[in-house]
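**Student:** Can you read through this structure? Questions will come right after.
The values are calculated or read from the model by the stated rules, or taken from the named source; none is laboratory data. Because the structure is a prediction, the values reported are computed rather than measured. Don't worry about glycine lacking a Cβ; one is built from the backbone with ideal geometry, like all the others, and counts go over all protein chains shown.
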Amino acid sequence: MTNRIEQAFKNRPIFMPYFPLGYPNLEISIDVIEALAKNGADLIEVGLSFSDPLADGPVIQQATQVALENGITIQKALAAVKEIRKRGVEIPLILMGYYNPMLAYGLEQFVRDAQEAGADGFIVPDLPAEESSEFENAVGDLPLIRMLAPTSSSERMEKIARKAKGFIYLVSVTGITGERKTIADGLSDLIASVREHTSVPVCVGFGIGTPEQAKEVGAMADGVIVGTACVRTIGSSENPVETAKEFAGQFRGALSK
Amino acid sequence: MSTLLNPKFGKYGGQFVPETLMPALIELEEAFVASRTDAEFQKEFNKLMASFVGRPTPLTYAKRLSEKLGGAQIYLKREDLAHTGAHKINNALGQALLVKRMGKKRIVAETGAGQHGVASATAAALLGLECVVYMGSVDIARQEPNVFRMKLLGAEVKPVNSGTKTLKDAINEAIRDWVTNVRDTHYLLGSALGPHPYPTIVREFQSVIGTEAREQILLEVGRLPDTVIACVGGGSNAIGVFSGFVDDGDVELIGVEAGGSGIDSGKHAARFGDATKAKVGVIHGTRTYVLQDADGQIAETHSVSAGLDYAAVGPEHAMLRDNERAFYTSATDEEALSAFHTLCHTEGIIPALESSHAIAEVIKRASTMRKDQIVLVNLSGRGDKDLNTVINETAKNL
């Protein structure tokens, strides 16, 4: 099997939406992720919910809270990933979640079950390089996606980027997830300094909310990650699946122009 | 990438934060390490501790309480007499001086009972810093006098309505603000919690409690106490007083958690007391004992005292518990309230509800001890802020 992540980056820039399983309910979230995948998403960041998501803004906090109230667990989320694969979704699915629920599940078991369900990698925002060895020992072949931020020193960038697998998740602003009116100043320099240290693709997330902003970032980066706008637009729709199709189509379209 | 100081306490502690914050933690550690050998910094800190905080705080012999219980002789370390009414000021001033040193202009803080918020607002006013305090809306309702004090001191108090609307959620919001404004903002964390270097910094600034208490008891009775007792929320007052005695192997160290409505009720904040709900996990940047459900979601907690109402405990306490250097027990809301009244009547001291948990343990324990034995209790704060809660709770029982 060719590595699904490498495959996905053949046509850059890629579009990577985020959506949490269990929101607005489990069934619809599975349909939404399927619709995103089949209408333009190149990778999907599949959200696992946590009671205390300290890197997230109000929109994602509220959505993941609803998912928890609906009874989402890692077990149910992994069964949902399996179901999404069964529906013929072939693009990479990256599980994004906080560390404690993974620890409670058991790291090795979690990684094994995630791989078996069809996940391709992990994003754990509260696991910086200093603390990642425990997870990496458990993770086997699947990549733990490394994150870099505008505050990362060049020394840190070098050390972190050198070990990166899959792609780099570059946080475009200091802050939490959420849409911003404009793209951060200095983003192109930031991307350039990351590229000095690695050949893996660099994807930019945090603050990108419109197809126009995606196009602007896509001109600099290898991929664009869209979380809050995706959750807000689809979550507030009366027909989430149709909205997901349109949303993916618009962003993919803007990036292809 | 290695830290200057050990980031772990045995297997606990660490730095579980987003990458955006890592450089700020590194900067903070560097500033802290440099300050320890900087005579000017130490001089300024010690001067403020004496002339502004009013240190050393006294050690009071609780004669009537000792007689009433008929066992051990009880001594109270009077952190309630520190400026702003609790031990929190020691750490708030220490960190605020570090903020000046780092050249930052703004601090954010979380608060549960409001004591750390008041201490932070006070330090900010004294040193000319901008101050924003995050406080759960449940805690705002039950600690109203402290909210007013913070505002009087020039701080902005931001209510937190997410999650359980208590201390845990206030910490989430403070971290979210910090990660957004990290270039000019310091997170003035008030307990011995969070990512390295916070647990170490907070212990160091609170160690003044233990250092003084040790000297004072030696001067007063000529020997060390048999037992030292403190309440444990995140654990800053406890780690402060314990640090003075931790190397004295014969001194028993006892931490008292919030037993809430009782361990069996599930409504409590006893991280060490509930084997079914407390597991080692990661919350707010540190690995420690955390009250959580089977899926790793952080549990709701309950305590009559806002300052102990938190799902995790400082990582150094987790280590002290595992290696049995300290022992941890709990007092229920009812026991703490009863102890509150007892101390008011016997000693003329109105204790904070947090500190009342430590007094509750003294009441259970002193009568089982001999009259020539000594118990030293850290009276971490005064109870003025709790009068509304006590009035309401007392009315319930009439």
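**Student:** Being under 25 Å from residue A:8 (Cβ atoms), under 15 Å from the mean Cα position of the chain (by Cα), within 13 Å of chain B (Cβ to nearest Cβ) and β-branched (Val, Ile, Thr) narrows it down to one residue among A:33, A:44, A:74, A:60; which is it? If you could, list the steps in order and put the result at the bottom.
**Tutor:** Numbers: A:33 fails: within 13 Å of chain B (Cβ to nearest Cβ); A:44 fails: within 13 Å of chain B (Cβ to nearest Cβ); A:74 fails: under 15 Å from the mean Cα position of the chain (by Cα).
Answer to the check: A:60.
**Student:** Another question about this same structure. Yes or no: residue B:289 more than 8 Å from chain A (Cβ to nearest Cβ), assigned to a loop (DSSP other than H, G, I, E, B) and among the hydroxyl-bearing types (Ser, Thr, Tyr)? First the steps, then the outcome.
**Tutor:** On the way: more than 8 Å from chain A (Cβ to nearest Cβ): yes; assigned to a loop (DSSP other than H, G, I, E, B): no; among the hydroxyl-bearing types (Ser, Thr, Tyr): yes.
It is false that residue B:289 is more than 8 Å from chain A (Cβ to nearest Cβ), assigned to a loop (DSSP other than H, G, I, E, B) and among the hydroxyl-bearing types (Ser, Thr, Tyr).
**Student:** Continuing with the same structure: Within segment A:89-154, which strands (runs of 3 or more DSSP E) (wholly inside it) include 3 or more residues that are within 19 Å of residue A:223 (Cα to Cα) and at the interface with chain B (Cβ under 10 Å from one of its Cβ atoms)? Walk me through it before giving the result.
**Tutor:** On the way: elements: A:93-96, A:121-123, A:146-148.
In segment A:89-154, A:146-148 are the strands (runs of 3 or more DSSP E) which contain 3 or more residues that are within 19 Å of residue A:223 (Cα to Cα) and at the interface with chain B (Cβ under 10 Å from one of its Cβ atoms).
**Student:** I would also like to ask the following. What residue, among those in segment B:246-286 that are of a type in the set (D, E, K, R) and assigned to a loop (DSSP other than H, G, I, E, B), is farthest from the other protein chains (Cβ to nearest Cβ)?
**Tutor:** First pass over segment B:246-286, keeping only residues of a type in the set (D, E, K, R): B:247-248, B:250, B:252, B:257, B:264, B:267, B:271, B:274, B:277, B:279.
Checking the rest, the ones that are also assigned to a loop (DSSP other than H, G, I, E, B) come to B:247-248, B:250, B:267, B:271, B:274, B:277.
Details: B:247: 29, B:248: 34, B:250: 37, B:267: 17, B:271: 14, B:274: 15, B:277: 12 Å.
The residue in question is B:250.
**Student:** Hey, any hits in segment B:207-222 for a residue that's within 14 Å of another protein chain (Cβ to nearest Cβ) and either at positive phi or in a strand (DSSP E or B) (or both)?
**Tutor:** no
**Student:** Out of curiosity, is residue B:192 in contact with an Asp or Glu (Cβ under 7 Å, 6 or more places away or on another chain) and either assigned to a helix (DSSP H, G or I) or within 14 Å of chain A (Cβ to nearest Cβ) (or both)?
**Tutor:** Details: in contact with an Asp or Glu (Cβ under 7 Å, 6 or more places away or on another chain): yes; either assigned to a helix (DSSP H, G or I) or within 14 Å of chain A (Cβ to nearest Cβ) (or both): no.
It is false that residue B:192 is in contact with an Asp or Glu (Cβ under 7 Å, 6 or more places away or on another chain) and either assigned to a helix (DSSP H, G or I) or within 14 Å of chain A (Cβ to nearest Cβ) (or both).
**Student:** Can you spot a residue in segment B:241-250 that is in contact (Cβ under 8 Å) with a residue 24 or more places away in the chain and touching an Asp or Glu at 6+ places or on another chain (Cβ under 6 Å)?
**Tutor:** Checked segment B:241-250: no residue is in contact (Cβ under 8 Å) with a residue 24 or more places away in the chain and touching an Asp or Glu at 6+ places or on another chain (Cβ under 6 Å).
**Student:** For residue B:225, are the conditions met, namely being surrounded by 19 or more Cβ atoms within 10 Å (Cβ to Cβ), touching a helix residue (DSSP H, G or I) at 6+ places or on another chain (Cβ under 9 Å), at pLDDT 95 or above and within 13 Å of chain A (Cβ to nearest Cβ)? Please lay out each step first, then the result.
**Tutor:** On the way: surrounded by 19 or more Cβ atoms within 10 Å (Cβ to Cβ): yes; touching a helix residue (DSSP H, G or I) at 6+ places or on another chain (Cβ under 9 Å): yes; at pLDDT 95 or above: yes; within 13 Å of chain A (Cβ to nearest Cβ): no.
So residue B:225 does not fit the description; no.
**Student:** I'm trying to understand the selection: among the residues of segment B:146-180, which are surrounded by 24 or more Cβ atoms within 10 Å (Cβ to Cβ), of a type in the set (A, V, I, L, M) and under 19 Å from the mean Cα position of the chain (by Cα)?
**Tutor:** B:150, B:167, B:170, B:171, B:174, B:175
**Student:** Taking the condition away from chain A (no Cβ under 14 Å), over 21 Å from the mean Cα position of the chain (by Cα) and aromatic (Phe, Trp, Tyr), does residue B:45 pass?
**Tutor:** Numbers: away from chain A (no Cβ under 14 Å): yes; over 21 Å from the mean Cα position of the chain (by Cα): no; aromatic (Phe, Trp, Tyr): yes.
Spelling it out, it is not the case that residue B:45 is away from chain A (no Cβ under 14 Å), over 21 Å from the mean Cα position of the chain (by Cα) and aromatic (Phe, Trp, Tyr).
**Student:** Restricting to segment B:1-57, name every residue that is of a type in the set (D, E, K, R) and within 30 Å of residue A:206 (Cα to Cα).
**Tutor:** Just the residues of segment B:1-57 that are of a type in the set (D, E, K, R), to begin with: B:8, B:11, B:19, B:27, B:29-30, B:36, B:38, B:40, B:43-44, B:47, B:55.
Passing the criteria: B:19, B:27, B:29, B:30.
**Student:** Have a look at B:100, B:105, B:88 and point out the one that is crowded, with 24+ Cβ neighbours inside 10 Å, touching a helix residue (DSSP H, G or I) at 6+ places or on another chain (Cβ under 9 Å), of a type in the set (Lys, Arg) and under 21 Å from residue B:201 (Cα atoms).
**Tutor:** Unique residue meeting the criteria: B:88.
Per-residue answers, yes or no, for (1) more than 19 Å from the chain's Cα centre (by Cα); (2) touching a residue at least 40 places away in the same chain (Cβ under 8 Å):
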position: B:116; (1), (2): no, yes
position: B:137; (1), (2): yes, no
position: B:144; (1), (2): yes, yes
position: B:182; (1), (2): yes, yes
position: B:202; (1), (2): no, yes
